[in-house]
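J.: Before I ask anything, here is the structure I am working with.
The values are calculated or read from the model by the stated rules, or taken from the named source; none is laboratory data. Keep in mind that what you see is a predicted model, and the values were worked out from it rather than measured. Using ideal geometry, Cβ is built from the backbone for each residue, glycine included, and neighbour counts are taken over all protein chains shown. Each accessible area value is taken on the protein alone, full model and side chains, heavy atoms only, with ligands, DNA and RNA left out. Shrake-Rupley method; radii C 1.70, N 1.55, O 1.52, S 1.80 Å.
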Amino acid sequence: MSSMRKLLILCLILLTGSLVLLVWVLFVKDDIKCELNGKEKQSVEVFSKYNEKGIKITNRGKVLSKDKYTLKIKGKVITDKLGDNDIIYIVKYHKKKYTLKRVVSVIDSTPPIISTNIETVTKDVCTKKEIQELTFSAEDNYDKDLNEKIERKDTEEEINLSVSDSSGNISTKKLKIVYTEKPKNIFSLNGKNIIYVPINTKYNEKGAIYKDGCGEPLQANIKTTGNVNTSVIGDYTVKYTLEDGESLKRTVKVYDPNIPNEKIIYLTFDDGPGNTTKKILDALAKYNIKATFFVTNQFPSYRNLIKEEYINGHAVGVHSYTHKYDIYKSLDSYLNDFNKMNEIIKEETGTYSQIFRFPGGASNTISKSYKKGIVSEIAKYLTAKGYLYFDWNVDSTDAAGAGTEAIIKRVTTDVSKCSKCVVLMHDIKTTTANAIDPILAELTSRGYSFQVLNSDGPKVQHKIAN
Ligand SMILES: [Zn+2]
């Protein structure tokens, strides 16, 4: 064989080999490619369904049919819990293993929902309070009840509610505020429309006031006309006029509180005279009113005030010389104490008193521990002798320790429950001494009359309990 021929055969062999190799590479050798359908990092809304998109497997660019390989998916997406879930895809093909991974994040992107009972808030123009109270709640798809987390901010015009869930989704709600219409301005009297003034006392002009609809005082020029002559009994009219002509009237009735009318008050003061008696006498004089004092000798340095009481037209009755309860141990001991006091009254006033009040009142039970039936015994004895005892039907409660305001309130309230009111007070109480002027101001302004107690009554007596 010539060398030329050998070379030709060799080339043929090489060419054939290359062709076989080319065919094997082009048509027989595997070229497996695995890829995820969808993204490698994927998110899914909490509580929604996760859609598994799977993977795509190709061999030399052609989708590999499912019977050619095995696919195992590890991992699960739990969609009712926030967080990352790994999904592992394992593909086996001709003893070869391919692994892919996808991370699925369960997220919450849904904001909470704020609910309110009303959509517009109406506020009172004066008090700035809600006419119907605004109530609100917030419900979240994941956190559920978020009521406590709601933040409320009020401005003059609106109310802003906002709430955030645990994933930072924020919800807001704005409610408009509307105000009620402002009421009309008010022109009114200070004090009552009809006011009584005891004769020969000072009339206190309380005036009138102009306010806006919310009760805020307004700057106003109020002209007051009409004269009250307090030294002449009669009705007087006082007129109050605003600049625009609007006017109000008050009737002032000057009356004599010493002339009995349908409502009679018998003010009584026990246990004095003492260091506050003078102040009480001055207040009574200021209103031209007479009262009754059931006196004691507890504070002998003030006994001259018994005379002053009498001279000023007040009644003086016996209470007790010692004001000690052991006087109830016998009729004699009671009468001894009683007579000693009445002697002092005689010395100060020139006359014995025919009226008295039992220490503790006729209904007291403390006397039981000294002698059974003693109060009945004394009452029977002294009544037979022509004396009259008095209790009370209005208790100022000053002896029980009531304060000045409580005394005023009690007396001015309780006198409306009787037509002949015997009021129990104590002229040795500072609280009472401070309460008496306001009490008299109020009771006289109602036109009540005031009388002293005497043998004619009224018979305001408690049921004897011992
Ligand atoms: Zn007493």
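J.: Of the conditions (1) part of a loop (DSSP other than H, G, I, E, B); (2) over 26 Å from residue 353 (Cα atoms); (3) open to solvent by 20 Å² or more (accessible area, probe 1.4 Å), residue 447 clears all except one; give me its number.
T.: (3)
J.: Can you name every residue in region 157-170 that is part of a strand (DSSP E or B) and out of contact with any Ser or Thr (no Cβ under 7 Å at 6 or more places or on another chain)?
T.: Passing the criteria: 158, 159, 164.
J.: Continuing with the same structure: Identify all residues within region 314-344 that are in contact with a strand residue (DSSP E or B) (Cβ under 8 Å, 6 or more places away or on another chain) and within 13 Å of the ligand (Cβ to nearest atom); write none if there are none.
T.: 317, 318, 319, 320, 321, 322, 323, 327, 337, 341
J.: Here's another thing I want to ask about it. Are any residues in region 45-63 open to solvent by 70 Å² or more (accessible area, probe 1.4 Å) and either among the hydrophobic types (A, V, I, L, M, F, W, C) or not in a loop (DSSP other than H, G, I, E, B) (or both), and if so, which ones?
T.: Scanning region 45-63 gives 47, 56, 62, 63.
J.: Based on this model, can you work out whether residue 363 counts as in contact (Cβ under 8 Å) with a residue 12 or more places away in the chain, out of contact with any strand residue (DSSP E or B) (no Cβ under 9 Å at 6 or more places or on another chain), open to solvent by less than 30 Å² (accessible area, probe 1.4 Å) and of a type outside the set (Val, Ile, Thr)?
T.: So residue 363 fails the test.
J.: If a residue must be within 16 Å of the ligand (Cβ to nearest atom) and free of Cβ contacts under 8 Å to residues at least 60 places away in the same chain, how many such residues does region 416-430 contain?
T.: Final tally of qualifying residues: 0.
J.: Which of (1) of a type outside the set (Asp, Glu); (2) open to solvent by less than 50 Å² (accessible area, probe 1.4 Å); (3) farther than 30 Å from residue 420 by Cα; (4) out of contact with any helix residue (DSSP H, G or I) (no Cβ under 8 Å at 6 or more places or on another chain) is the odd one out, the single condition residue 178 does not satisfy?
T.: Failed condition: (2).
J.: Under the condition of being free of Cβ contacts under 8 Å to residues at least 40 places away in the same chain and among the charged types (D, E, K, R), which residue from region 322-360 is least open to solvent (accessible area, probe 1.4 Å)?
T.: Only one residue tops the list, namely 337.
J.: Is it fair to say residue 204 is surrounded by fewer than 16 Cβ atoms within 10 Å (Cβ to Cβ), under 23 Å from residue 437 (Cα atoms) and either of a type in the set (A, V, I, L, M, F, W, C) or under 27 Å from the mean Cα position of the chain (by Cα) (or both)?
T.: no
J.: If you check residue 413 against the conditions, is it among the hydroxyl-bearing types (Ser, Thr, Tyr) and without any contact (Cβ under 8 Å) to a residue 24 or more places away in the chain?
T.: So residue 413 passes the test.
J.: How many of the residues making up region 266-284 are small (Gly, Ala, Ser) and at pLDDT 95 or above?
T.: Here the count works out to 2.
J.: Is it the case that region 21-37 has a residue that's under 60 Å from the mean Cα position of the chain (by Cα) and surrounded by 10 or more Cβ atoms within 10 Å (Cβ to Cβ)?
T.: no
J.: Please go through region 345-385 and give me each residue that is within 16 Å of the ligand (Cβ to nearest atom) and outside any loop (DSSP other than H, G, I, E, B), ordered by number.
T.: Across region 345-385, the qualifying residues are 345, 355, 356, 366, 367, 375, 378.
J.: Within region 130-149, can you find the residues that are open to solvent by less than 40 Å² (accessible area, probe 1.4 Å) and closer than 27 Å to residue 44 by Cα?
T.: Hits for region 130-149 are 138, 140, 146.
J.: Ok, one more. Yes or no: residue 218 open to solvent by 50 Å² or more (accessible area, probe 1.4 Å) and in contact with a strand residue (DSSP E or B) (Cβ under 8 Å, 6 or more places away or on another chain)?
T.: Spelling it out, residue 218 is indeed open to solvent by 50 Å² or more (accessible area, probe 1.4 Å) and in contact with a strand residue (DSSP E or B) (Cβ under 8 Å, 6 or more places away or on another chain).
J.: Which condition from (1) part of a helix (DSSP H, G or I); (2) touching a residue at least 12 places away in the same chain (Cβ under 8 Å); (3) β-branched (Val, Ile, Thr) is the one that residue 16 breaks?
T.: All conditions are met except number (2).
J.: If you don't mind, another one. Test residue 301 against the stated conditions and say whether it is in the same structural domain as residue 435 (by TED's automatic domain parsing) and without any contact (Cβ under 8 Å) to a residue 24 or more places away in the chain.
T.: Yes: the conditions hold for residue 301.
J.: For residue 166, state whether it is open to solvent by less than 80 Å² (accessible area, probe 1.4 Å) and small (Gly, Ala, Ser).
T.: No: the conditions fail for residue 166.
J.: Hey, among 398, 391, which residue is outside any helix (DSSP H, G or I), within 20 Å of residue 318 (Cβ to Cβ) and within 16 Å of the ligand (Cβ to nearest atom)?
T.: Residue meeting the stated conditions: 391.
J.: Within region 202-210, is even one residue over 30 Å from residue 109 (Cα atoms), among the acidic types (Asp, Glu) and touching a residue at least 24 places away in the same chain (Cβ under 8 Å)?
T.: Yes, region 202-210 contains at least one residue that is over 30 Å from residue 109 (Cα atoms), among the acidic types (Asp, Glu) and touching a residue at least 24 places away in the same chain (Cβ under 8 Å).
For (1) part of a helix (DSSP H, G or I); (2) open to solvent by 60 Å² or more (accessible area, probe 1.4 Å), each residue gets a yes or a no:
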residue	(1), (2)
405	yes, yes
409	yes, yes
412	yes, no
424	no, no
431	yes, no
434	yes, yes
439	yes, no
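J.: Regarding region 267-279, can at least one residue be identified that is in contact with a strand residue (DSSP E or B) (Cβ under 9 Å, 6 or more places away or on another chain) and either over 24 Å from residue 435 (Cα atoms) or away from the ligand (no atom under 16 Å from the Cβ) (or both)?
T.: no
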